[in-house]
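**Student:** If you scroll down you'll find the structure; I have some questions about it.
Every read-out reported here was derived from the displayed coordinates using simple, explicitly stated rules and does not represent laboratory data. For clarity, every value in this text was computed on a predicted model and none was experimentally measured. For neighbour counting, all protein chains shown are included, and Cβ atoms are generated from backbone atoms with ideal geometry for every residue, glycine included.
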Amino acid sequence: TEWNVSVWGKRRAFTEHIEKLAELVSEKTGGEFTMNVSYGGLSKPKENLDGISIGAFEMAQFCAGYHRDKNRAITVLELPFLGVNTLEEEVAVSHAVYDHPAVKDEMAQWNARIIMTSPMPQYNLVGTGEPRDELAEFEGMRVRATGGLGQAFEAVGAVPTSVPATEAYNAMESGVVDTVAFAQHAHLSFGTINKADWWTANLNPGTVNCPVVVNIDAYEALPDAHREALDSSIDEAIAHYLANYGELLKKWDSVLEEKGVQKVMIDDAVLEEFRAKAADPIREKWIADMSAQGLPAQELYDLVQATLKQQRGGN
Amino acid sequence: MAGHSTVLEDGSLLSRLDRSLLGLERFLALLSGLAVFALMVLAVISVGGRNTMNAPLPGYVDWIEQAMPLIAFLGISFVQRDGGHIRMDILISRLHGRALWLFELISVLLILLLMLALVWGSWAHFDRSFDWSAPLWSRDSSIDIGIPLWPAKLLAPVAFSVLCLRLVLQIWGYGRAFLLGLETPVAVPLIQGAAEQAAAEAEQLEGQE
Amino acid sequence: METIDIGLWVTGGLLVMVLAGMRVAFAAGLAGLIGLVWIFWAKFGYDPDRFGKALTVAVKTAGQVPHSKVASHTLSLIPTFILIGYLAYYAGLTRALFEAAKRWIAWVPGGLAVSTVFATAGFAAVSGASVATSAVFARIAIPEMLDVGYNKRFAAGVVAAGGTLASLIPPSAILVIYAIIVEQDVGKLLLAGFIPGAFSAVIYGALIVGIAVVFKTVGPPVTGFTWRQRFAAVPAALPIVAVILIIIGFVYNPFGEQAWGTPTEGGAIGAFIVFCFAIIHGMRWGELKSALLETAKLTAMIFSIIWGVLIYVRFLGFADLPGAFSDWITGLSMSPMLILICILLAYAVLGMFMDAIGMLLLTLPVVYPAVMALNGGEAVSAADSTFGMSGTMCAIWFGILVVKMAEFCLITPPIGLNCFVVAGVRPDLSVQDVFRGVAPFFVADAVTIALLVAFPGIVLYLPSLAG
Ligand code: NA
Ligand code: NA
């Protein structure tokens, strides 16, 4: 079997689990089952789900926020202030949600089946000028943040500004935005860290959710041995991803130091205020909207919280 | 290089159809030009709003991405009518009479084949983003402010269908010229030498100053 | 059959269709579609029962490309740049520039020709398209050169060559297209075009003076302008300076203060300012309408090529041809610099027969990864690289080289659009005359390219300032 896998950008921390999966699967099947990972050659990131539904390729990665209407159920994972603190927790809640029948149904409409997530740390801000560590200072702040995160900042008076990730550096340099919200690896690869004076270490407003899916027909057509090789490699691929991203996070503090970026710790009281203003209304609106569209929204949200509790209890 | 009109006209049914379609094509092209203008105005509003009132246009990028298909697709048939899509005519400019019409006919038939397939394919692309039962019929919307994408996606099959009509007329025109051995058929773009074409283009610019 | 073989066969078929005179956009789209059908059917083992399935997957895959590729924020620069050119024409900026350049520098040998080159360089800063630039200056500059006794062919050659500057000096539609294909920062690329563009203009100027000194009859100097006249000509040309400063300010503020916005916004604001000048200069709805229609036509044409070729490129992605070519290039035992020079020479040959945008779209998806691999990969640091520059810088440097080659192809026979346009504007000049007049500029271009290859700093100085 030969599978085409559509991802985008360059090989980076964000794609390491896919590369590992391809390696493991090929190893286990003695080279009979191979995956060609294509970085942008097969589709545009926003259309990877379309490509899966057409059957143009067998496996792909996408982010829920790219097309909220295509994958309404999993957008629960992009709600602001979910309370996820570590990549391990991110994996646990994502996989719990992916197993929910509402998610499976919605993905099946795209002929897709989610096999794993690409856990991302919380999207913290980098900014220029004086650090903004009081809620009042978010008033009028131009921030590059999309989707639910953008709404969260809007709720406290900031102005979310649409800039493509590739133009984020330019936008910061030119004052189009004052701050940019990204995960650490993206602050590095899009260069926003080079422009920054400070970084919020504990704002942790939320993140994006980027699952890896396979085409259902292709998955079911796999010979048993190959399917077994694929299924059994997922945990190891995720473990590899976590270890690799962990290395990157370890280096993060020294990167900040090297670039002279101040690490801003925000007071718990301020965080609490932010949460009250942003998290609750946005979550309630999300639950109301999604319930109106016939999704078990409350159930999905509760599932996230229950999984978090369980995960922490288990540790 | 945008080509210059070299399509002959007369009172025949074919030529009348050609001119009616031209009316539609010109209208669509003007819409496309106005969209370019709107793009410029949008940027001025966005930059102005940001720098004077700290109020950038919400979803500026989203709106631009919505406008681009309007700009890119609507003029496609207008350009094909005048033979303005780029090609290499080293070989074909040496042909005359039936041989020339045969080459043109085959080439237009192949284009029609492609465009029919693309009407199908781009319709499917639209269809995946459209859902009667969803709010705003949308199953795919822009990242920042959630504008439904289906209207922009629908533009491709619409513009391509108009192009298909144009290609059918050109097949008729070239086919007729081939069968009857015509010298100067109506309703199809006639080849000018490259230099003539440039002269025509320069004239056009001259008319504008 | 290996996917690579399918890739090669379909590419051969595409060349045949293009040579036979099929419109490039549609030939590429059709080749891509047929290639996709072939690839998917091959994957199904050529099972006759599953041909329908392969066809459906291929058609739907190809059908995504037009909307998906065209709905791009960055590509919106192209129609904006086209519109700027048409508006600048109505704003009377072209003639004002030439007049000012003439009064200030026509006194040197070949002075009027040098003025023409500098005026085209100035106009290039508001025009994104080379062909339009040559067409405009053929009307304005050639008559004046002939009046003072210039050699007819030489005058035509100056205008044809001068027009090519429009695609190096920002704004430039071709540079945007390059940036899109290779996924690099548009702003930095536009910035990078500035010095090489001005550099080309200076080399053209030096060549002209040299020719005029050796062959006294070719281009006599024009003297007699007073300082008062010189300064009087400046105000009318100032709007262009304003537009240049605004566009630079948007991309990168040279005064070190905060810049004003993104490159995309800069282009649009530039167009708006030129629009205001055109209104003041007397443009009304009638002219605006024809400017909009012309913009729509050129835009539809360029975008058709873009999505048509990208369908073919999508097929190449499935065939993995770029990867194979890149492996082949990096496996060659020649020196990397020699390989790079061979690639540039191949562009010179290809450019004789092809249009610039089509050439870049067709070749870059295969050639660019190979060049990057040659330098040591996208993420390589300057210290570890073959050409002594980081991956990003190599992308910019190669982009400027390739665009310069694409410009070169606008003046080389047998298909040199700039020369056709100049001959078209001047009924007293044949295409052969223009090609002969432009021949000395081949030397200038060869020198420019050699210097850009030997001293990448000329290209990389500005972008490296921008970080
Ligand atoms: Na230019
Ligand atoms: Na040429």
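**Student:** In Å³ and rounded to a whole number, note down the convex hull volume per residue for the Cα atoms of the range B:5-203.
**Tutor:** 154 Å³
**Student:** Here's another thing I want to ask about it. Quick check: Cα centre of the range B:82-107 to Cα centre of the range C:365-393, how many Å?
**Tutor:** A separation of 42 Å, based on Cα centres.
**Student:** Still on this structure: What percentage of all Cα-Cα pairs in the range C:1-71 are separated by more than 15 Å?
**Tutor:** 57 percent
**Student:** Using the Cα atoms of chain C to build a convex hull, what is its mean projected area in square nanometres?
**Tutor:** Over every viewing direction, the Cα hull of chain C projects on average to 24.0 nm².
**Student:** Based on DSSP H runs of at least 4 residues, each adding -39500 (n - 2.57), what is the mean residue ellipticity at 222 nm of chain B after dividing by all its residues, to the nearest 500 deg cm²/dmol?
**Tutor:** Mean residue ellipticity at 222 nm (helix-derived): -23500 deg cm²/dmol.
**Student:** Show log10 I(q)/I(0) for the range A:127-195 at q = 0.12, 0.16, 0.22, 0.26 Å⁻¹, two decimals, from a solvent-free Debye sum over equal Cα scatterers.
**Tutor:** -0.27, -0.48, -0.92, -1.23
**Student:** For the range A:1-113, compute Rg over Rh where Rg is the Cα radius of gyration and Rh is the Kirkwood radius from the inverse mean 1/r over Cα pairs.
**Tutor:** Over the Cα atoms of the range A:1-113, Rg/Rh equals 0.97.
**Student:** Would you mind checking the range B:153-188 for residues with the amide N under 11 Å from a putative spin-label position 7 Å along Cα→C-beta of B:His96?
**Tutor:** Under 11 Å, as judged by backbone N against the label point of B:His96, lies no residue of the range B:153-188.
**Student:** If you line up the long axis of helix A:224-258 against the longest principal axis of chain A, both from Cα atoms, how many degrees apart are they, to the nearest 10?
**Tutor:** Relative to chain A, helix A:224-258 is tipped by roughly 20 degrees.
**Student:** Apply the Karplus parameterisation 6.51 cos²θ - 1.76 cosθ + 1.60, with θ equal to phi minus 60°, to every residue of the range C:373-381 and state each ³J(HN,Hα) to the nearest whole Hz, in sequence, with x for glycine and proline.
**Tutor:** Ordered by residue, 3J(HN,Hα) equals 5, 4, 7, x, x, 5, 9, 5, 8 Hz.
**Student:** Roughly speaking, what is the stretch gain from C:Ala236 to C:Ala446, that is 0.36 nm per residue apart minus the C-alpha to C-alpha distance, in nm to one decimal?
**Tutor:** Once the chain is fully extended between C:Ala236 and C:Ala446, it gains 72.1 nm.
**Student:** Still on this model: Please report the antiparallel percentage of DSSP beta bridges with both residues in chain A, rounded to the nearest 5.
**Tutor:** Around 50 percent of the beta bridges assigned by DSSP in chain A are antiparallel ones.
**Student:** Determine, from the Cβ-Cβ distance of A:Glu27 and A:Glu247 and an R0 of 25 Å, the FRET efficiency 1/(1 + (r/R0)^6), rounded to the nearest 0.05.
**Tutor:** 0.65
**Student:** Sticking with the crude label model, points 7 Å out along Cα→Cβ, report the distance from C:Leu19 to A:Ala225 in nm, one decimal please.
**Tutor:** 4.8 nm
**Student:** Follow-up. Tell me, what is the Rg over Rh of the protein assembly as shown, with Rh the Kirkwood radius over Cα pairs?
**Tutor:** With Rh from the inverse mean 1/r over Cα pairs, Rg/Rh is 0.97.
**Student:** Turning to a different aspect of this structure: Per the Kirkwood formula on distinct C-alpha pairs, the Rh of the range C:291-390 is how many angstrom?
**Tutor:** Hydrodynamic radius (Kirkwood, Cα only) of the range C:291-390 equals 15.4 Å.
**Student:** Within the range C:277-322, report the trypsin sites (Lys or Arg not before Pro) that DSSP leaves as loop and that have at most 13 other Cβ atoms within 10 Å.
**Tutor:** C:Arg284
**Student:** To the nearest 0.05, what FRET efficiency results for C:Ser430 and C:Val213 with a Förster distance of 41 Å applied to their C-beta separation?
**Tutor:** Approximately 0.90, to the nearest 0.05.
**Student:** Averaging over every viewing direction, what projected area does the convex hull of the Cα atoms of the range C:359-467 cover, in nm²?
**Tutor:** For the range C:359-467, the mean projected area of the Cα convex hull comes to 8.2 nm².
**Student:** Let me ask something additional. List the aspartates and glutamates whose alpha-carbon lies under 14 Å from that of C:Lys53, not counting same-chain residues fewer than 8 positions away?
**Tutor:** Counting by Cα, and skipping residues close in sequence, C:Lys53 has these aspartates and glutamates nearby: A:Asp217.
**Student:** What does the charge count near C:Cys394 come to, summing +1 for each Lys or Arg and -1 for each Asp or Glu among other residues with Cβ under 15 Å from its Cβ?
**Tutor:** Counting the neighbours of C:Cys394, the net charge comes to -2.
**Student:** Any chance you could list the semi-axes, whole Å, largest first, of the equivalent ellipsoid that the Cα gyration tensor gives for the range C:180-256, using √(5λ)?
**Tutor:** Those come to 33, 22, 8 Å.
**Student:** Just list whichever of A:Lys251/A:Lys309; A:Lys20/A:Lys251; A:Lys44/A:Lys277; A:Lys46/A:Lys309; A:Lys10/B:Lys153 have alpha carbons separated by over 24 Å in the model shown.
**Tutor:** Cα-Cα > 24 Å for A:Lys251/A:Lys309; A:Lys44/A:Lys277; A:Lys46/A:Lys309; A:Lys10/B:Lys153; rest within.
**Student:** For the residue pair A:Asn202 and A:Asp99, what label-to-label distance in nm results when each label sits 7 Å from Cα along the Cα-to-beta-carbon direction?
**Tutor:** 3.3 nm
**Student:** Calculate the tail of P(r) for the range C:77-298: the fraction of all Cα-Cα distances greater than 34 Å, expressed in %.
**Tutor:** 14 percent
**Student:** Another question about this same structure. Under the definition of Cα pairs under 8 Å and six or more residues apart, what whole-number percent is the relative contact order of chain B?
**Tutor:** Over chain B, the number comes to 32 percent.
**Student:** Between A:Asn194 and A:Gln310, what length comes free when the chain is fully extended (0.36 nm per residue of separation minus the Cα-Cα distance, one decimal in nm)?
**Tutor:** Going from the current span to full extension adds 37.9 nm.
**Student:** Next question. Which whole number gives the average count of other chain Cβ atoms within 10 Å of the Cβ atoms across peptide A:48-61?
**Tutor:** That works out to 4 on average.
**Student:** What percent does the relative contact order of chain C come to when contacts are Cα pairs within less than 8 Å and at least six residues apart?
**Tutor:** Relative CO of chain C lands at 24 percent.
**Student:** Continuing with the same structure: Taking neighbour Cβ counts within 10 Å as the exposure measure, how do B:Phe126, C:Phe225 sort from fewest upward?
**Tutor:** C:Phe225, B:Phe126
**Student:** Label C:Ser333 and C:Ile280 with points 7 Å out from Cα along Cα→Cβ: what is the distance between them in nm?
**Tutor:** The two pseudo-label positions are separated by 6.7 nm.
**Student:** Can I ask one more? Under a Cβ-Cβ cut-off of 15 Å, what is the net charge of the residues other than C:Ala119 that fall near it, where Lys and Arg count +1 and Asp and Glu count -1?
**Tutor:** +3
**Student:** Averaged across the residues of B:26-33, what count of C-beta atoms belonging to other chains lies within 10 Å of each residue's C-beta?
**Tutor:** Average per residue, whole number: 5.
**Student:** Tell me what chain A gives for mean residue ellipticity at 222 nm when only DSSP H runs of n ≥ 4 count, each as -39,500 (n - 2.57), the sum divided by the residue total, rounded to 500 deg cm²/dmol.
**Tutor:** -13500 deg cm²/dmol
**Student:** Give the average over all directions of the projected area of the C-alpha convex hull of the range A:158-315, one decimal, in nm².
**Tutor:** Average of the hull's projected areas for the range A:158-315 equals 13.6 nm².
**Student:** Counting only helical runs of four or more DSSP H residues, what would the 222 nm mean residue ellipticity of chain C come to if each run contributes -39,500 (n - 2.57) and the total is spread over all its residues?
**Tutor:** It lands at -25500 deg cm²/dmol.
**Student:** Another question, if that's okay. Hey, how many Å between the Cα centroid of the range C:28-46 and the Cα centroid of the range C:158-230?
**Tutor:** The range C:28-46 and the range C:158-230 have Cα centres spaced 44 Å from each other.
**Student:** Which whole-number percentage describes the relative contact order of the range A:161-315, with Cα contacts under 8 Å and a sequence gap of 6 or more?
**Tutor:** 25 percent.
**Student:** Take the Cα pairs of chain A, get the Kirkwood Rh, then feed it into Stokes-Einstein at 37 °C and 0.692 mPa s and tell me D in µm²/s.
**Tutor:** Diffusion coefficient, whole number: 162 µm²/s.
**Student:** So how tilted is helix C:186-214 from the main axis of chain C? Cα-based, degrees 0 to 90, rounded to 10.
**Tutor:** 50 degrees
**Student:** Does anyone have the angle between helix C:227-251 and the longest principal axis of chain C? Alpha-carbon axes, 0 to 90°, nearest 10?
**Tutor:** Helix C:227-251 sits at roughly 20 degrees to that axis.
**Student:** Among DSSP beta bridges whose residues both lie in the protein assembly as shown, state the antiparallel percentage, nearest 5.
**Tutor:** In the protein assembly as shown, approximately 55 percent of DSSP beta bridges are antiparallel ones.
**Student:** Note down the net charge around B:Trp120, summing +1 for each Lys or Arg and -1 for each Asp or Glu among other residues with Cβ under 11 Å from its Cβ.
**Tutor:** My count for the surroundings of B:Trp120 gives 0.
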